[in-house]
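Shown next, in structure tokens, is the structure this report addresses.
The values are calculated or read from the model by the stated rules, or taken from the named source; none is laboratory data. Keep in mind that what you see is a predicted model, and the values were worked out from it rather than measured. In this analysis, Cβ positions are derived from the backbone assuming ideal geometry, glycine residues included, and neighbour counts consider all displayed protein chains. Ligands, DNA and RNA are excluded from the accessible area calculation, which covers all protein heavy atoms including side chains. Shrake-Rupley method; radii C 1.70, N 1.55, O 1.52, S 1.80 Å.
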Amino acid sequence: MAATIEAERQVEEATGDYKYGFITDIETEKAPKGLSEDTIRFISAKKEEPEWLLEWRLKAFAYWQSLAAEEGEPDWAMVNYPKIDFQDIYYYAAPKSQEDRPKSLDEVDPELLATYEKLGISLDEQKVLSGVAVDVVFDSVSVATTFRETLQEAGVIFCSISEAAREYPDLMRKYLGSVVPVQDNFYAALNSAVFSDGTFVYIPKGVRCPMELSTYFRINEANTGQFERTLIIADDESYVSYLEGCTAPMRDENQLHAAVVELVIMDDAEIKYSTVQNWYPGDKDGKGGIYNFVTKRAACRGVNSKVSWTQVETGSSVTWKYPSCILQGDNSVGEFYSVAISNNYQQADTGTKMIHIGKNTSSTIISKGISAGHGQNTYRGLVKVLGGADDARNFTQCDSLLLGDQCGAHTVPYIEVKNPTAQIEHEATTSKISEDQLFYCLQRGLNTEEAVALIVNGFCRDVMQHLPMEFAVEAQKLLGISLEGSVG
Amino acid sequence: MLEIKNLHVNVGDKEILKGLDLSLRAGEVHAIMGPNGAGKSTLSYALSGREGYEVTEGTATLNGKDLLDLEADERAGEGVFLGFQYPVEIPGVSNMNFLKTAVNSIRKYRGEDEMTAVDLLKLVRSKAAELKMDPEMLKRPVNVGFSGGEKKRNEMVQMAVLDPCLAILDETDSGLDIDALKIVADGINRLRAPDKAILVITHYQRLLDYVVPDHVHVLADGRIVKSGGKELALQLEAEGYAGLGIADDAA
């Protein structure tokens, strides 16, 4: 992703070891508006990509064009938004230069700062998150450098996807698009054609990644790209915990975001992937806000492999996202824990797919949807058990919580079973925060916002406990903040 | 300490309290008895600030401060505690977390620093032990799956931890067996102190065997119709509300 490059640039500059000179050029250039083969060639050239990757992008673009011509963007999700003009979008823009950024926190939207305050984010971090120009971020530079050294010692590859295309072509060619093929869907094809940057992680055989790949981002992810591409490979008997996103609210000039995340998990390996998504949701009348169309999929290829998706989705005006698990290896395990909030005019259509292929595979789905204001929240999930998946098990629990009487909660579970030994359980509830609960909390001294936050966090507890500890506390505060003003 | 004058309260279009006067001095325990529909619960909700209970006339002050002008959470901050007839379940929120949030919200209202996690844990554990609550119950979600007696004990633990200056117990004794009744009585008696006032609202006399009130009032049709000492409760027990010429729906 752009953030990684940007961070690396800062690191390199600060350490006087600035080796990627081409980045200086990129800083001043922007791809012309609109989408064409030329745009894609421009991006690929800027990234100094090998020929095969350009070909791959162009193939994706051709497919996307055919889809766009035949059926247009997908409309099956329960979300409404104006038609997107794909020729009216910039597909490549360099990270903002120091001069373009706010000079100090005084120039940053006070509302944004107030939210940072509530989340308990330090002043230094506030500066980085809100993109304030900083000469040298002493803390994050030294921290980042330490991280890189530790990771290198363990043999973990952790770099931007552009760098991986140049430095690790064998791994990239083997795995890129192997989980989410370019023809997968409209937005996956678009992402494959124009992805700006992203993250590449390779955990070698038998290595337990010595740190959560999260703190690093927490400091550097101020300039996340619009079309991110993430590829994580966990080789045999390895483990990694990865966190993307940030509890701090993220503003972006680009309204359309379409990311692709691919995870590959080998024998006895495990990936824990946690997301806190807090993109700008639009104002209280539903104006502005990010469209977030994401394709995330994990392939559990090895025996005893395991993937766990945990997501807290509080931002974006439209979210369309189904982190999925292909349980191919025998005894493989897929988990999906999700909290999705839609307040004001936010719309979330999110869920998961669990595809059971191997024997003795098991999956767990815990989904908590919270709707407030005029928000619409849809759980859409598929549990599919193929003929060869003997003794597959799934447990699904979908709970919806409504605040107020203008919002909506919808549950659309699909179950397809082709093996009689499968055990599938599905539980679903819909409830409201009762006036009794609110008054009980108020009488004990909590104000309305504290009461709503407490009740909602209780509702989400089964999911929140799967977040890495350091983010759980902030994510709890975030739930309360996201629902401010929704009651009373 | 608590002064209620000419209190009129509507629920919807219906007037339930029709000019209620009541005065509690610090250190006193008052019992309010009365038939169903007399306005007992309305009084407790109006004092604690529940929405939907509209005061149309009269005043209520606590230590000279106008209660009726405050939101429910602000009244809690001023030291008003309501023991519920039907304590509410909050799934996923542990008793401990609930108490921590409540204590710190009240401290914030009073301009005090948050209590440290260690001090809070000590306080809650000691109050739970005094009221013979299994410490494991503190980890369980608030009132979820609790028996009737456990819920009432939980109310008493909350009351002990929050240490209010005015406690209103709204039929906290209803539907309890004798052991649970003793727990509630124990909780109330432990709170008794020269600087606190307690208002026990009950339909039956039996709680008053364990919590001996300083004053007993009879509430009927939205007003206090008779006041006396603890012997008034016994008289009611012997003669019923009919003995005072009051219709009792529950009789």
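Note on exposure: B:I16, A:I290 ranked by accessible area (1.4 Å probe, complete protein assembly) read B:I16, A:I290, with the most exposed listed first. Annotation: peptides B:144-150, B:97-103, A:342-348, ranked by per-residue average of other Cβ atoms within 10 Å with the highest first, follow the order A:342-348, B:97-103, B:144-150. Starting from the Cα gyration tensor of the range B:180-238, take the square roots of the eigenvalues, sort them a ≥ b ≥ c, and report rounded, prolate or oblate (rounded when a/c is under 1.5, otherwise prolate if a/b is larger than b/c, else oblate). Judged from the Cα gyration tensor, the range B:180-238 comes out prolate (a/c at least 1.5, a/b above b/c). Count neighbours as other Cβ atoms within 10 Å of each site's Cβ, and list the trypsin sites (Lys or Arg not before Pro) in the range B:17-81 that are DSSP loop with at most 16 such neighbours. Of the trypsin sites (Lys or Arg not before Pro), the ones in loops of the range B:17-81 whose Cβ has at most 16 other Cβ atoms within 10 Å are B:R25. Total Å² of accessible surface buried at the A-B contact, 1.4 Å probe, nearest 100? Interface between A and B: roughly 2000 Å². For B:R192 and B:D13, a Förster radius of 51 Å and the Cβ-Cβ distance give a FRET efficiency of 0.80, rounded to the nearest 0.05.
A 1.4 Å probe run over the range B:81-154, with the rest of the protein chains in place, finds 50 Å² accessible per residue. Scan the range B:27-99 for GluC sites (Glu not before Pro) in coil per DSSP, keeping those whose Cβ has at most 13 other Cβ atoms within 10 Å, and list them by number. Those that pass, being in a loop and sparsely packed, are B:E51. How large a share of the accessible area of the range A:426-465, in percent, is made up of carbon and sulfur atoms when the probe is 1.4 Å and the other protein chains stay in place? Carbon and sulfur: 46 percent of the exposed surface of the range A:426-465. First check a/c for the range B:15-117, with a ≥ b ≥ c the square roots of the eigenvalues of its C-alpha gyration tensor; if it is under 1.5, answer rounded, and if not, answer prolate when a/b is larger than b/c or oblate otherwise. Prolate shape, in that a/c is at least 1.5 and a/b is the bigger ratio. Please work out the C-alpha center-to-center distance from the range B:51-110 to the range A:260-291 and express it in whole Å. About 39 Å separates the Cα centre of the range B:51-110 from the one of the range A:260-291. The relative contact order of chain B, computed from alpha carbon pairs under 8 Å that lie at least 6 residues apart in sequence, is 28 percent. Rounded to the nearest 10 degrees, the angle from helix B:178-191 to the longest Cα principal axis of chain B is 80 degrees.
Between the range A:327-388 and the range A:61-89, the C-alpha centres lie 24 angstrom from each other. Dividing the helix sum by the residues of chain B, where each DSSP H run of 4 or more adds -39500 (n - 2.57), gives a mean residue ellipticity at 222 nm of -10000 deg cm²/dmol. What is the angle, in °, between the Cα long axis of helix B:95-109 and the longest principal axis of the Cα atoms in chain B? Nearest 10 is fine, range 0 to 90. For helix B:95-109, the angle is close to 80 degrees.
Compared with the dominant principal axis of the Cα atoms in chain B, helix B:148-162 is inclined by about 70°.
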